[in-house]
Amino acid sequence: MDLAYSPEYAAFRDEVRAFLDSHRDLAPPPMQRGKPSEQAKAWQQLLIEHGYAARTIPKEYGGYGAEPDILKSHIIAEEFGKARIRPGHDGDNRLVPTLLELGTEEQKRTYIPPTIRGEMTWCQGYSEPGSGSDLASLSTKAEVDGDDFVINGQKIWTSGAQYADMIFCLVRTEPDAPKHQGISYLLFPMDTPGIEVRPLVTMTGEATFNETFFTDVRVPTSQIVGRRGEGWFVANATLKHERGGLGDPNQAESRFHQIVEMMREETLDGEPLLSQATYRDRLVALQGQMLAMKFNGMRVLTHNVRDEEPGLPRWIVKLNGCELNHRMAEMAIDILGELGVLYPSKGFGGHRDEDVPYLRDAGFWQQRYMMDLGLIIGGGTAQIQKNMIGERALGLPKEPKVADPRFGGGAA
Amino acid sequence: MEFALNEEQRMLQESVRGYLEASCPLDRVRAAADAGDTRPADLWEGLVDLGVHAILVPEEYGGVGLGHLEAALVAECLGGAVAPVPYVGSSVMAPVALALAGSDAQKDAWLPRIARGETVFGVGVTEQIGSRESGGVAAAGGTLTGKAMFVLDGADADMLLIADRDGALHIARAADADVKRLPTIDRTRSTSEVSLEATAAEVLPGSTGSRAAVLATIDAGRTMLAADTLGAAQNMLDQAIAYAKERRQFNRVIGSFQAVKHLCAEMAAALEPCRSLVWYAAHASRAIPDEARLMACHAKAHLSEVGRFVARTATEVHGGMGFTDLLGLHYWFKRIGLDRQLLGAPEIVREEAATVQGWV
Ligand SMILES: Cc1cc2nc3c(=O)[nH]c(=O)nc-3n(C[C@H](O)[C@H](O)[C@H](O)COP(=O)(O)OP(=O)(O)OC[C@H]3O[C@@H](n4cnc5c(N)ncnc54)[C@H](O)[C@@H]3O)c2cc1C
Ligand SMILES: Cc1cc2nc3c(=O)[nH]c(=O)nc-3n(C[C@H](O)[C@H](O)[C@H](O)COP(=O)(O)OP(=O)(O)OC[C@H]3O[C@@H](n4cnc5c(N)ncnc54)[C@H](O)[C@@H]3O)c2cc1C
């Protein structure tokens, strides 16, 4: 156990802090929907130049090109989190790592530079009405015609499809193959003829995701990542990266501090909520859960630095982290009581169009409460997480398979 | 930055665990519990040979001068084996208090004896946290009068370390006091009521004037109880997983039913972060003094909650078998049940955590 950072890392932390102090005025607001603003793009460019975004992405693909150093990346994330300043991004944390791992040289050169600059945005076309948790059963099909795939079918829950320039999409190219072996991973522009996007309003009141329809959409066969029929494995490389990002303990800690502040300021019968024993007890219980996950994160980090597989401590992060965030939002709402249910019909920030008296934090906590439930479902539901923990980490047997006549090879 | 056990710490834990697996199987626990023997000579000596009691005793007093993390790793092993031996009071809280607040003469007299396993201390600080049944001890002119409740390791003790109403700590001979065992659900450890009537006692000079020494002693005890619960709960989870892989119903092993699999996953998801919390709290006790009290509170309260959840859930996975004496799962269940109440139940400890942060 040595929780101190060596002088090299302590100095690096100072550098990051100094940068944040002198540049914080340039940072865009924390949450923005839609295409990145000019300010957001300029900020991202500045961060790349300083090595605080796209840090380990090679220079030839527009990144900063540093040697991977997990501790430095961690310090950057921690300092931006503490300062509550919008961090940079690595383009798209699902797509870019996949391209780096499995893309052709040309795909890397074409897509990674504009993506990390924020000039090219992406959506993920995986889920379908009939294929959610059982993603590998997907049925959107792509048939080869000359040099093109011709795509027909439907995706759903496609977050950001209404703004995205491009999609990375799973399609079935080998209908007779066993279910996991008939899928391919394609990249194509969202303005390709035959694509129709219909926004779906979520329970938060915002249209964050969409239904995406494909009718005879022609995509050159060169737009495949990996080989035909190997899309499942390509996608899993991406899912691994996506899962790593959900349930981040830094976020829970920063939310917790917001809640403490709120309990100092909000009053009931003229007394701050923090002075009410029942609420305080819940707050401290939540703090205990948050700290346990924070230290679990430090343990995972140490394993990662040593290039060891963390095992169980990593398997539980998505499940526990999303649950914890949701409990934080629950607590915040309960602190506000009746005030906690005030909400603009268009969701967080919708108070600009609608007068909602006494609204706190622009409706942030209700929005988080609902959105965090979405994140408990998205990216692999809690139940699927528990299956994985039970089977992969604890070694419990899988359910007996039910034969699926839709696919070749008899695999379920 | 390194959040992991080092090689020596892993080896310490391996050797204590290996010893307990060999020398303290369930039959041995059962025999000791049935006989009301919470300090069996063979196990006590075996642990002395491993140097377990010397961990927190400084080197100049014949100990090995290791830290709270090492002690917590041992506590985790003892909880895992439901070992019927004194530890948290006698081998952790007593040497911590003596090293912090004892006079040179007191340290010379007692620390080497603790390290060698020759003296067992019972530790009575319950009333510093909350008094029931008119518990409380008053000090006057080198004597103690009153009643100390739930004295840890009390029935096995040669000597007593008792807090008076102001939090000053005193050493008295167990033979001079009326020490009555309070039989609890957990027959693997002793807790006692100690009645004192102008009983001769010697104050630890560093414990007067401020409550710092008694609080640090309580912190150490809380972290160890949390570690004990961690070990006991991990063992119950391991037993539940093993049982779920083996027990068949409906022509399937029950671990293939999602209802059972998800119970196991929920236990693992709740318990695994607890390990990091206990490590952090134990490490903080010396390395991050500003956080030591808070983290001891969190470890104690959070492990109590998760421990309770694991104890009942692991029992459930075993079906009717879990409910029997024969299987013996209840020894761990009860160990966790006692840990939860000692040195403050979660509500009490969380309120202290709030106080420490200036929220009260
Ligand atoms: C906010 C949000 C954003 C999203 N963004 C995207 C996106 O950008 N692109 C995209 O492709 N998808 C996206 N999704 C879709 C997401 O991946 C799916 O919702 C998720 O995989 C679950 O699939 P489903 O909704 O079809 O639910 P189902 O799979 O139908 O699940 C319904 C219920 O059954 C349970 N269940 C299913 N199978 C099992 C099993 N084997 N064992 C136990 N329980 C089971 C589930 O846990 C759940 O409780 C998003 C979802 C949300 C909520
Ligand atoms: C206090 C007590 C009194 C009793 N009295 C009597 C009595 O008088 N007479 C008598 O005949 N019996 C009696 N029993 C036995 C009782 O009926 C059984 O314990 C009970 O039916 C469970 O069976 P089991 O113990 O074999 O557990 P198992 O069936 O082995 O179950 C073990 C675990 O697996 C789970 N499990 C098993 N099958 C499934 C499944 N299909 N889906 C999901 N989970 C599953 C269970 O929920 C449990 O968590 C008593 C039991 C108790 C605890």
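In debye, nearest 20, what is the charge dipole magnitude of region B:7-115 about its Cα centre with +1 on Lys and Arg Cβ and -1 on Asp and Glu Cβ, if you could check? Kindly include the intermediate steps, with their values, before the conclusion.
Working: 7 positive and 16 negative charges, 59 e Å.
The calculated dipole for region B:7-115 is roughly 280 debye.
If you sort the three axes of the alpha carbon gyration tensor as a ≥ b ≥ c, you get a/c of 1.5 or more for region A:7-90 and a/b no higher than b/c, which makes it oblate.
Computing FRET efficiency as 1/(1 + (r/R0)^6) for B:A242 and A:D216, where r is the C-beta to C-beta distance and R0 is 45 Å, gives about 0.20. Obtain the nm distance between the two label points defined at A:D355 and B:R286 by a simple spin-label model: each point lies 7 Å from its Cα along the Cα-to-C-beta direction. My value for the distance between the label points is 6.5 nm.
Show me you know the interface measure: the accessible area buried between A and B, both chains summed, probe 1.4 Å, in Å² to the nearest 100. Walk me through the numbers on the way to the answer.
Details: alone 20960 and 15240 Å², together 32130 Å².
Its buried surface, counting both partners, is about 4100 Å².
Once all protein chains are placed together, A:D307 keeps about 140 Å² accessible to a 1.4 angstrom probe. Computing FRET efficiency as 1/(1 + (r/R0)^6) for B:N251 and B:A22, where r is the C-beta to C-beta distance and R0 is 35 Å, gives about 0.40.
Of the peptides A:380-388, A:1-9, the ranking by mean beta-carbon count within 10 Å, highest at the top, reads A:380-388, A:1-9. Counting only protein heavy atoms and using a 1.4 Å probe, the accessible area of A:K41 comes to about 50 Å². Return one number: the angle in degrees, 0 to 90 and rounded to the nearest 10, between the long axis of the Cα atoms of helix A:364-377 and the longest principal axis of the Cα atoms of chain A. Helix A:364-377 and the main axis of chain A meet at about 40 degrees. Considering only A:T115, A:T173, A:T56, the Gaussian network model of chain A with Cα springs below 10 Å gives its largest mean-square fluctuation to A:T56.
Can you give the average number of partner chain beta-carbon atoms within 10 Å of each beta-carbon in peptide B:274-280, as a whole number? Present the calculation step by step, with values, prior to reporting the outcome.
Details: counts 4, 6, 11, 8, 2, 4, 9.
Other-chain Cβ atoms within 10 Å of each residue's Cβ, averaged: 6.
The slack in the chain from B:R10 to B:D34, taken as 0.36 nm per residue of separation less the alpha-carbon distance, amounts to 5.3 nm.
Between A:D191 and A:K401, 0.36 nm times their residue separation minus their Cα-Cα distance comes to what?
Values: separation 210, 0.36 × 210 = 75.60 nm, distance 4.06 nm.
Fully extending the segment from A:D191 to A:K401 adds 71.5 nm.
When peptides A:141-150, B:227-236 are sorted by average Cβ neighbour count within 10 Å, with the highest value leading, the order is B:227-236, A:141-150. How would region B:181-315 be classified by its alpha-carbon gyration tensor: rounded, prolate or oblate, with rounded meaning a/c under 1.5 and the a/b versus b/c comparison settling the rest? Taking the square roots of the gyration eigenvalues as a ≥ b ≥ c, region B:181-315 is oblate. For region B:1-35, backbone nitrogen atoms closer than 16 Å to the point 7 Å from A:Y9 Cα along Cα-to-C-beta are found at B:1-6.
Considering region A:205-338, its Cα convex hull presents a mean projected area of 12.8 nm².
Label-to-label distance for A:V305 and A:R227 is 4.1 nm, based on points extended 7 Å past Cα in the beta-carbon direction. Rounded to the nearest 0.05, the FRET efficiency derived from the C-beta distance between A:E67 and B:A41 at R0 = 45 Å is 0.15.
Helix B:329-341 and the longest principal axis of the Cα set of chain B meet at an angle near 40°. Compared with the dominant principal axis of the Cα atoms in chain A, helix A:231-245 is inclined by about 0°.
Per-residue mean of foreign Cβ neighbours for A:383-394 is 5 (Cβ atoms of other chains, 10 Å radius). The alpha-carbon of A:K41 sits under 25 angstrom from the alpha-carbons of these lysines, leaving out residues fewer than 8 places away in its chain: A:K59, A:K72, A:K82, A:K108.
Peptide B:348-358 has a mean of 4 when you count, residue by residue, the C-beta atoms of other protein chains within 10 Å of its C-beta.
If you add up the charges near B:K107, with Lys and Arg at +1 and Asp and Glu at -1, over every other residue whose beta carbon is less than 13 angstrom from its beta carbon, what do you get? All intermediate terms of the calculation are to be shown ahead of the outcome.
On the way: positive: B:R113; negative: B:E59, B:E60, B:D104, B:D108, B:E202.
That sum, taken over residues with Cβ under 13 Å, equals -4.
Among A:F256, A:F295, A:F209, whose mean-square fluctuation peaks in a Gaussian network model of chain A (Cα, cutoff 10 Å)? Maximum fluctuation in the GNM of chain A, among the listed residues, is at A:F295. Lysines near B:K180 by alpha-carbon distance under 21 Å, same-chain residues fewer than 8 away left out - which ones? The reachable lysines, counting only those whose Cα sits under 21 Å from B:K180, are B:K147, B:K334. Approximating the spin labels as points 7 Å out from Cα along Cα→Cβ, the B:T355-to-B:T145 distance works out to 2.7 nm. Protection proxy ranking of A:102-108, A:330-336, by the mean of other Cβ atoms within 10 Å over each peptide's residues and highest first, is A:330-336, A:102-108.
The values are calculated or read from the model by the stated rules, or taken from the named source; none is laboratory data. Everything quoted here is computed from the prediction, not taken from an experiment. We place every Cβ from the backbone using ideal geometry, glycine too, and count neighbours over all the protein chains shown. In case anyone asks, the SASA skips ligands and DNA or RNA and just uses the protein heavy atoms, side chains included. Shrake-Rupley method; radii C 1.70, N 1.55, O 1.52, S 1.80 Å.
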